[in-house]
Structures are given as structure tokens and as C-alpha cells.
Amino acid sequence: MAVPAALIAGIKAAVGPRGWSDDPAVVAPHLKERRGLYAGATPILVRPTTTAEVAAVVRLCAAHRTPVVPQGGNTGLVGGQVPDASGEEVLVALARLNRVRAIDPTNDTIIVEAGCVLRHVQEAAAAADRLFPLSLGAEGSCQIGGNIATNAGGVSVLRYGSARDLVLGLEVVLPDGRVWDGLRTLRKDNTGYDLKQLFIGGEGTLGIITAAALKLFPRPRQVATALAVVPDPAAGLEILTALKSATGNLVNACELIARPALEFVLRHIPGTTDPFPARHGWYLLLEVSSAAEGHWLRAALERVLAAEHEAGRLTDAVIATSTAQARALWRLRETIPEAEIQEGGGIKHDIAVPVSRVPEFIVQATAAVEVAQPGIRVIAFGHLGDGNIHFNLVRPPGADATTFLAEWDHFSAIVHGVAAALGGSISAEHGLGRLKREEIRAYKPAVEIELMRRVKAALDPDNLMNPGKLV
Ligand code: FAD
Ligand code: ZN
């Protein structure tokens, strides 16, 4: 059913002239996600600036039984933030709901509105001599509301956990337009079901997050970053274990990069150079940090790398000697997704297995896809320390991109099958969205799917909040 004119008029009145747009030039970028897998339509893009405005809009939509799609920075990778093609959904973008409401360095908490860009949250914390550790390649454009709705992971999960571990409280506009004020800044609160957990990773299907109370940490005063050449992922895990012990668990990041991924970066990303004179199969990006003053952490990293070299578990390594050099090493990792797009795009996977089983996963999955299509290029990279690998597949050189991408489901079944057999997950950090909503049914117990549906039905009986996503 088309969005009723009375609803459109009501929304316009509720948010004022700057709070909405139907100008195609303004709306268009919000209707597709970056890889172009999904494109949608909407008669109105709503851009509220307060929780009360969000609530008013959702209340009106509920009264007219019109679906609502929440959107943050539109960097999501599973199509959850894009309306469907019917033109019957109202798109609510949170970008203008972007104030830092409070920061309490003693309580180590910050309260921010959902539309705050992740980097701004990090900067606000740093200005108070604190760290907000969530960090991912899209941090300059993704929003904290989107990060929480997707339970984003990123490159510091190893040390600080994913978005879920960093949230103390939430303010949420429910599908009927009521506001749930759960914006508590308590470290301990055992008063029944932990309802905020439903909205974290809920991908906007249970309500619109409007604000969050987040945990802060002491700001690092020494950081050391290294890129090591390892013979295989198993050696990488042994190095990680040694480094954790030697530093007293101060490892922030342990990222794996396969040679083909680095090659794409060197080919497509301006200003990148190979830090090593020779080509190698596998690289390990390591970062350690401490809030204590001094330079001893770098020395500890050097000692561990030297010992691992001695033991044959690494063949070469560079340790950054400046912040600029550390940034350059990180850039080699963070621009892989961009380089992959420039190479013509690939079939993406975001699997998790128990950390100890990553090496097996990579061996088995690589063998399986190579049998399915000889010459296929495996772009394996990601969060080795979390057991989370982005196992992406790019067509053989010279093969037709469209024909290859049409085999997405076929290759996903192969890769996900290997992950599942090792006790893994088909979505470690990106969520289900539209991309994996159906597929997940093959991997989760029927009871679990049924419980998820019941939760959805309890909170959103008319299925108006981001329908067609996740469940
Ligand atoms: P959007 O894409 O706008 O939305 C994502 C989902 O959240 C949608 O379902 C949407 O409806 C919902 N949503 C958004 N805002 C709200 C809200 N306020 N209330 C309720 N629901 C809401 N992800 C990782 O986990 N780890 C990574 O390392 C990582 N790296 C990335 C690197 C690049 C280059 C890119 C492009 C993406 C990467 N991502 C990564 C994926 C993406 O950045 C994350 O999923 C991010 O958390 C999405 O935030 P967003 O604000 O862009 O949300
Ligand atoms: Zn990732």
C-alpha cells in the first residue's frame, strides 16, 4: 500500500521543513548500499534531530501501519539499512540526531545520540583523556546507532569486545512510538532480563536506537604496531599467544592478511607500498598498547618477534617507528575492501570459527572453492585473534564478473558449510540483514529461529520495524 498522503503530511509537520526531503538528488544516496546489491525506494527521507521527533514519526507510521527503515551511516554490508523497492516504506536517517549528551571520566562513560559518527565518539572520548575502543574501517562514516544495531566488531574486539560489550544502556523508540529510557550508566544492574541486548545486533528490527551510554577506558600512552611475515595462519596464532603472555594481555589487534589481498591493495590504493622486499604468503598485523607511560611495550613486542623468528614462526617483520608508519601499516589492512571493489568485486564472507580452528577453516575452505572453480582467487583477511575471517572470493583472472557473482549462493554454501562443520557462524560481525536472512535458517536450530520470531512478534506485532530483515 502506498504511503498515505496524510501520513506524509503528518511527518512533515512533526519534523519541520529541515527534517525531511523528497528531492531525488538528496534521497538517492540513501536508497542503495555501497556494493549496489540492494536498491530501494521511498516517498520520504526523514531526518529527525531529537528523540521526540523520532518517536512522533514512528507513532504516526504505526497509526498508518506503514513500515519504517532506520538508517545510520549506510555502511552496512548486508542490506539492512535500505528500504525495499516497493516505495511503501518510510526511511528514517539518524544523522542529525548527533549530540554528545554527557561524558563522565570518573564513571568512565559517555552518552551519545545514535547519529554520532563513530570517529566523533572516539574524538569526544579522547578530548576527555579517555578511549572509546570500537574501531573499524568505516569509522569515518558509520554511526554509533548503526554500530550498536549491527553489534559491530572491527579491529579491537580482541582486547575490548564488540559493540555489545561496550554498551551500558540504550534509549530506544519502540515500534509503537513509545520511548524506552534504558539509558543507565551502571556497571552492575541485575534487575531482570537485559532488554538492551535485544536491540544490540537487532539490526533495527525491534526499534530505533536514539541514544546510548557507552563504556570508556584509559587512553593509551604507548602503542606499538608491527607487520610480520608468517609461514601460515597457525604460526600467526602461536605468535598471538606468545604476545598475549609476554605483554600481560595488552594485544589490541591481530589481523591476518593473505598475499592476494595485499596485492589488490598495492595495485589499487594510491600511496601504498610493500614493506618487504620479497613476496610472502601470509602477513600478521599486530598492535599492542598500554595506558601506562613508557616505551617498554615496544621492547616487549621486539623480544617476542625475535624469539618467534628464532623458532621459525616468522620470517620477517617491521615494527613501526612513528605514528605515520603505524598508520601506513594499518592502511594496508583497512583498504582491502576498497581494493577488492576496484578489482571488480567479490563474493564476501564473514565467518567465525573458534580461534584455534581458523587454520583448518582456511585450508578446507580454500581447497573446496578451488575444486569448485579452478583459478579462483581467495582473499582471506581479517580478525584472526577473534576467529573471524573475511573469506572473500574473486573471479579467476579474465573470467566474467557477472557470471562469477551469479554463483554467490553456490560458493556461500561451500564456505559456510565448512565454517558450520567447525562449529562456526556464517556472520561474525556484519549481521544477517537481507543478505543472509533466509540462509541462516539452515544453520541455526529451529528452536532458536522460532524464539527470535516470537521476540519480534512480541515487540513489533504488526511487523512495521525494518521488515524483511534479519527474521
Ligand atoms: P547502517 O549501514 O546505516 O545500518 C546498518 C543496520 O543497522 C541496518 O539494519 C539499519 O536499519 C540499522 N540501524 C542503523 N542505525 C540504527 C539505529 N539508530 N537504530 C536502529 N537500527 C539502526 N563492520 C564490522 O562489524 N567490522 C568491521 O571491521 C567493518 N569494517 C567495515 C569496513 C568498511 C570499509 C565498510 C564499508 C564497512 C565495514 N563494516 C564493518 C560494516 C559496517 O560499517 C558496520 O556494520 C556498521 O556498524 C554499520 O553502521 P552504519 O551507521 O553505517 O549503519
Ligand atoms: Zn571485519
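Listed by first and then second residue, the pairs linking a residue in the stretch 233-249 that is at negative phi and without any contact (Cβ under 8 Å) to a residue 60 or more places away in the chain to a residue that is part of a helix (DSSP H, G or I) and of a type outside the set (Ser, Thr, Tyr), with Cβ atoms under 6 Å apart and 6 or more places separating them unless they lie on different chains, are Ala246/Ala300; Ala246/Val304; Thr247/Ala300.
Would you confirm whether or not the stretch 17-31 contains a residue that is closer than 24 Å to Lys436 by Cα, surrounded by 12 or more Cβ atoms within 10 Å (Cβ to Cβ) and either modelled with pLDDT of 95 or more or out of contact with any strand residue (DSSP E or B) (no Cβ under 7 Å at 6 or more places or on another chain) (or both)? Full working, then the answer.
First, pick out the residues of the stretch 17-31 that are closer than 24 Å to Lys436 by Cα: 29-31.
If we keep only those that are surrounded by 12 or more Cβ atoms within 10 Å (Cβ to Cβ) as well, we get 30-31.
Right, trim to either modelled with pLDDT of 95 or more or out of contact with any strand residue (DSSP E or B) (no Cβ under 7 Å at 6 or more places or on another chain) (or both) and you get 30-31.
Checking the stretch 17-31: at least one residue is closer than 24 Å to Lys436 by Cα, surrounded by 12 or more Cβ atoms within 10 Å (Cβ to Cβ) and either modelled with pLDDT of 95 or more or out of contact with any strand residue (DSSP E or B) (no Cβ under 7 Å at 6 or more places or on another chain) (or both).
Scanning the stretch 177-217 for residues that are within 21 Å of Asp462 (Cβ to Cβ) and assigned to a strand (DSSP E or B) yields Val179, Trp180, Ile208, Ile209, Thr210.
The test for being at pLDDT 95 or above, closer than 25 Å to Leu77 by Cα, part of a helix (DSSP H, G or I) and in contact with a helix residue (DSSP H, G or I) (Cβ under 8 Å, 6 or more places away or on another chain) does not hold for Ala307. Of the strands (runs of 3 or more DSSP E) entirely within the stretch 49-165, those holding at least 3 residues that are in contact with a helix residue (DSSP H, G or I) (Cβ under 9 Å, 6 or more places away or on another chain), within 12 Å of ligand 1 (Cβ to nearest atom) and of a type outside the set (D, E, K, R) occupy 68-71, 90-93. Of the numbered criteria (1) in contact with an Asp or Glu (Cβ under 8 Å, 6 or more places away or on another chain); (2) in contact (Cβ under 8 Å) with a residue 60 or more places away in the chain; (3) within 16 Å of ligand 2 (Cβ to nearest atom), the one Leu118 fails is (2).
Has the stretch 97-104 got any residue that is within 28 Å of Ile336 (Cα to Cα) and either small (Gly, Ala, Ser) or in contact with a Pro (Cβ under 8 Å, 6 or more places away or on another chain) (or both)? It would help to see each step written out before you state the result.
If we filter the stretch 97-104 for residues that are within 28 Å of Ile336 (Cα to Cα), which is where we start, we get none.
No, every residue in the stretch 97-104 fails to be within 28 Å of Ile336 (Cα to Cα) and either small (Gly, Ala, Ser) or in contact with a Pro (Cβ under 8 Å, 6 or more places away or on another chain) (or both).
So for the stretch 203-223 (the condition being under 30 Å from Val471 (Cβ atoms), surrounded by 15 or more Cβ atoms within 10 Å (Cβ to Cβ) and of a type in the set (Ser, Thr, Tyr)), does at least one residue qualify? Full working, then the answer.
Step one: filter the stretch 203-223 for residues under 30 Å from Val471 (Cβ atoms), giving 203-215.
Those left that are additionally surrounded by 15 or more Cβ atoms within 10 Å (Cβ to Cβ): 203-215.
Narrowing the set further to residues that are of a type in the set (Ser, Thr, Tyr) leaves 205, 210.
Within the stretch 203-223, one or more residues are under 30 Å from Val471 (Cβ atoms), surrounded by 15 or more Cβ atoms within 10 Å (Cβ to Cβ) and of a type in the set (Ser, Thr, Tyr).
Take Ala39 and decide whether it is within 21 Å of Gln143 (Cα to Cα) and either more than 9 Å from ligand 1 (Cβ to nearest atom) or surrounded by 23 or more Cβ atoms within 10 Å (Cβ to Cβ) (or both). Here the answer is yes, as Ala39 does meet what is asked.
The values are calculated or read from the model by the stated rules, or taken from the named source; none is laboratory data. Everything numeric here is computed off the predicted structure, so don't read it as measured data. Note: ideal-geometry Cβ built from the backbone for every residue, glycine included; neighbour counts use all protein chains shown.
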